[in-house]
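This report refers to the structure that appears directly beneath it.
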Amino acid sequence: GLLTVRKVQSDSLREVSFFASGGTALDVVMKDSIAYVASELSGLWVLDVSDASRPRALSNIQNGGYAARVAVADSVVYVLNTTYRASDTTRGLWAISVSNLSHPNVLSHHVGIVRVTPAVQTNAIARLGTLFFISQNGGSYNDSTLEIVDVSNPSSPNQVSVVQGAYSPFDVAVKDSI
């Protein structure tokens, strides 16, 4: 769920509200007064938090997968589903139009590198312009992967590059130049 808190003093916080999403909120992104919550099997929640004491659900998209990460670009929300069972076909990057917050619309689903691993390994995601950088920890297989996906057309994501290596990324960050 989503917990909202208020700073009471310089070293203390107080709970203001809690929105039960039906799952663990693995990632939250704020844009203006809207919270986008990736909440495991409960999917993507779009919440109006303009009144922090009463978060209000605007919509919920359940694509049948394990929503682990979320990113927002203009009126498109990108949800990264990780795997939670071998037969999972919902893994990958989902582009969802939120131009109408009450009625989100799925634009595309890019499976890419996200694959089944021995245990649920949450992928990481970072955005730079129209490029998404998606990492997956290879775990005991020692084949961790970084995928770059171009979403300049959110309805048709395009894989730009894939790098594999013997490293274990748990997060990813990008910078505009090196």
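The values are calculated or read from the model by the stated rules, or taken from the named source; none is laboratory data. Worth saying up front: this structure is predicted, and the values here are computed from it rather than measured. Here the Cβ is made from the backbone with ideal geometry for all residues, glycine too, and neighbour counts use every protein chain on show. Protein only, heavy atoms only, side chains kept; ligands, DNA and RNA dropped before computing areas. Shrake-Rupley method; radii C 1.70, N 1.55, O 1.52, S 1.80 Å.
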### Task
Can you check what the net charge comes to around Asn60, using other residues whose Cβ is under 14 Å from the Cβ of Asn60 (Lys, Arg +1; Asp, Glu -1)?
-1
### Task
Report Val111's accessible area, 1.4 Å probe, all protein chains in place, as a number in Å² to the nearest 10.
60
### Query
Ordering Arg127, Arg91 by how much accessible area each has at a 1.4 Å probe, largest first, what is the list?
Arg127, Arg91
## Note on the structure
Sorted by accessible surface (1.4 Å probe, heavy atoms of the protein chains only), largest first, Lys175, Lys31 come out as Lys175, Lys31
### Query
Given R₀ = 30 Å, FRET efficiency for Arg127-Val16 by Cβ-Cβ distance, to 0.05?
0.55
### Summary
Checking rank on 69-78, 152-161, 33-42, 95-104, with mean other Cβ inside 10 Å and highest first, the result is 33-42, 69-78, 95-104, 152-161
